[in-house]
Every structure is written in C-alpha cells, then in structure tokens.
Amino acid sequence: MTVVFLLCLFFLLLFLNVPISFAIGLSTFLFMMTSIDFLPAATTVAQRMTNGVNSFALMAIPFFILSGQIMAQGGIAKRLINCAMALLGAFPGGLALVNVLSCTLFGAISGSAVAATSAIGSFMVPQMKKAGYSPEFSASVTATASTTGLLIPPSNILIIYAIASGGVSISALFLAGYIPGLLVALSLMIFCVVYAKRKGFASAERLPFSVVLKSVWQAVPSLALIVIVMGGIISGIFTPTEAGAIAVLYALVLAAGFYREVDMEKFGVILIKTAETTAIVLFLIATSSALSWVLSYENLPQALTDTLLVISDNPLIILLIINIILLLIGAFMDMTPAVLIFTPIFLPIAVSIGIEPLQFGIMMILNLCIGLCTPPVGAILFVSCAVSKTKIEKMVKPMLPLYVSMLVVLFLVSMYSPISTFLPSLLAP
C-alpha cells in the first residue's frame, strides 16, 4: 500500500502538469516524510540523488550531447540526406525510404532521436508533401525512424541502462543495439515500399553512378564518427567516456574546419544548449535514482516477482506481461526516468526466467522507443507534429501500421536472444 501511495502521488503531480523531474523528486520526498521526519527525509533524498549522478560513466553523456549538438548544427543532416537520396531515391517509395535512412544515420551519429526528428524532418517532410505524401504520414515516418538512433550507438540511454542494471558492459550494449536498430529501420522501409506501391507514388530518376559516388563520398566524414567511436571502444583504445570526448573533438573539426558551418558565435549557442540539456538529463537521473532506491527499499521488485510468478510460471507469459507494462510506461513517462526506475524492478524478474541482461536492455529500450511515438506523452510525436504543422489526432491512423512494424521487431528481440547477443558474443574473451 505504501508503494501504491507513492505511485499515486507521482501520477497526481504529473496530472497537475508538474515537470516530470520535479514530480519524481517531490513524490519521493513526500513519501519519505510519511516514514521519517522532515530533516532525515530531506537528507536521505539528497544523498540518494547525489549518489545517482556520482558515476564516472555518466561523464560520457554531456560529451555525446555536445557532439550531437555540433552535428545537428554543422551541416551533417543535408549531406546524409543527399547520400540517402542517391542510394534509395529511385526505389518505390524513395522519399519515404530516404527519410528512414537519413533519420537512422543522423540518429546514430548524434545519439538523439529529437535532434534527428527536427533536423531530418524539417527538410524531408516538406519534400514528401510535394511528392504527394500526406503531412501526417510523413511526420509518422520521421518520428518512428528517429528512434533507431537510441538503439544504434553512441546512445546515451544505453549508458543509463548500463548504470541502472548495475554492471552490464557499455561496450557490449553498444554492440547489442546494432542489429535491433537496423531491423527497426528495415521493417519501416518495407512498410514504406508497400505503402508507396499501393498509393502509386512515383520514384525519383536513377542518378548516374558518378553522382551517387560523390554524394556517398561527401557523407563519409560524417559516418566515420561511428567507426571512430565504436572502433576505439571495441579495440580498447579508449573507454566510452573517453570516446565521448573524442566524438566532440572530431565533430568540431568536421563542422568548423571541414564543412565550415560552425563559427564561434554558433558554437557559443551550442554550448548553452548542451548545458541546458545536460542539466535536465542529470537532474532526471538524480531524482529517478532516489525514487528507484525507495522502491527497492520497499521490496517492490521482490513483491512484483512473486506476483508475476503467481499469475503464471510460463516464461513467455511473464515476458509478455513485462512488455505490455513497459509499453504502457513508455506512453506516460520519459525514457530516462523509466529506465532508471524500472530496470531494478524488472531486470531481476527477466534474469529469473532466463533472459540475459543484454537482451532485456535492448528489449526495454525498444519498448520505450515505441512509447516516444505514442500519445499522450510521446516527446518525438510532438516534435514531428511541430515540424509537419499537423495535429497528433491526425497522426493516429498513419502511425498504426508503423507501430505494427516496430512491434514485430520487438517480438523478435524478446523471443530470440541472438539478435541482441550475437555481436557482443563475437568479442567476448
């Protein structure tokens, strides 16, 4: 009952439009006050918040946020779009395929789904509208495709899961995200081809090979960031945190020196935005860590495990229930607090039924990626609506088949562990 009181208090604050980080912190503090006096409650919450951000691995997050901001402002998006257009524009549904591939590449480089939605969507949605695609469909494709950058490294949310899980290797998680992320992109592309053929959309003219080669060559310096970051981590040359610093240096050289699209004035704005985003993320991590500690202190993980085992002893049924709960959580809660709060709760249950932590991590992130595109709280949904100048209620119908495409991949990731564990196993000692 105490945990129910805590969760009801949290959702009441959300209903009153209290920012989620403050809702988490206030509900945790008020709950603690029901058990102990004001001063001990305040001290305990403050200690748990401090411990939550007292991790060297978290240093990678501001670095990757900064590199993503530099990439977003440094002319990377248009070069990736040109590359995708040269490779896929002549296929059925070419513009939709270009949208998916551009969002995937930009999301993977920047590590931000919101940045991918904004940078790629602001260019691709108008182009798709000119070709006859509806604004709602164009925005839906952008929103769902942008989530692939959260699975394909470098990804801040994978770092956060590694910390919340209490020991999963960040390098292994980065490798584990590649195949699921690419499968999501592929499933969305397959639907776009079917949709374009059914609607009779024309394809772009096939470009000469020299033009294709030039477009790909211009995008190579941007795509090299992924190779540098992952190659350094896998080879052991630097840690994920050091990789973040390398990513910043490379992005700055590329955007300011090679492409010449970031000057000192723009770099100052980038630093301010990075500081704002980092502060928001770290405060969310701090308050979520305090709430996670309270839930563990109240033995919620053990109680939930016992409840699920009472419902069924079939691992598939338990896994289905966990997936449904995570989908609902993703629809109402931001990804960062969801990972920090619910990983300690569900991971022990998943391990007890034979699910590896790597597989569960990718499964959880994919669930929450779907939630980012789901009303009423889906952050990416709101960004894509703003970019396409449409309303959320109009996007429900075109989003449904895209949800199905992502759910198919989620089912495969949940049922077949090698999708997540194959690449990490190749480099296991």
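Normalised by 2.2 N^0.38 Å, where N is the number of residues, the alpha-carbon radius of gyration of region 301-380 equals 1.06. Diagonalising the gyration tensor over the Cα atoms of region 208-343 and scaling each eigenvalue by 5 before taking the square root yields semi-axes of 42, 22, 15 Å, largest first. Placing a pseudo-label 7 Å from each Cα along the Cα-to-Cβ vector at N51 and F209 gives an inter-label distance of 6.3 nm. Taking every C-alpha pair closer than 8 Å and separated by at least 6 residues, the mean separation divided by the residue count of region 164-307 gives a relative contact order of 15 percent. Dividing the C-alpha radius of gyration of region 115-239 by 2.2 N^0.38 Å, with N its residue count, gives 1.29. If the segment from V269 to N17 were pulled out straight at 0.36 nm per residue, it would be longer than the present Cα-Cα gap by 87.9 nm. Over region 1-145, Cα pairs under 8 Å with separation of 6+ residues give a relative contact order of 17 percent. Solvent-accessible area of the chain (1.4 angstrom probe, protein heavy atoms only): carbon and sulfur portion equals 70 percent. Note on I280 and T43: with the Förster distance fixed at 25 Å, the Cβ-Cβ geometry gives a FRET efficiency of about 0.50. Stokes-Einstein diffusion of the chain at 25 °C, 0.890 mPa s viscosity, Kirkwood radius from Cα pairs, rounded to a whole number: 110 µm²/s.
Working from label points 7 Å from Cα in the Cα-to-Cβ sense, the M33 to A379 distance is 2.9 nm. Using every pair of separate Cα atoms, the Kirkwood estimate puts the hydrodynamic radius of region 188-238 at 14.4 angstrom. Taking label points 7 Å from Cα along the Cα-to-Cβ direction, Y416 and L309 give a separation of 3.1 nm. The mean of 1/r over all distinct Cα pairs in region 378-429, once inverted, gives the Kirkwood hydrodynamic radius of 13.7 Å.
Volume of the convex hull of region 1-126 (Cα atoms only), normalised per residue: 161 Å³. Across region 278-391, the relative contact order, built from alpha-carbon pairs under 8 Å that are at least six residues apart, equals 31 percent. Take the chain with all the other protein chains still there, run a 1.4 Å probe, and you get 43 Å² of accessible area per residue.
Rg over Rh for region 161-227 works out to 1.16, both radii taken from alpha-carbon positions and Rh defined as the Kirkwood radius.
The values are calculated or read from the model by the stated rules, or taken from the named source; none is laboratory data. Note that the coordinates shown come from a computational prediction; the quantities given were computed from them, not determined experimentally. Virtual Cβ from ideal backbone geometry, glycine too; neighbours counted across all protein chains shown. The accessibility values were calculated without ligands, DNA or RNA, using every heavy atom of the protein model including side chains. Shrake-Rupley method; radii C 1.70, N 1.55, O 1.52, S 1.80 Å.
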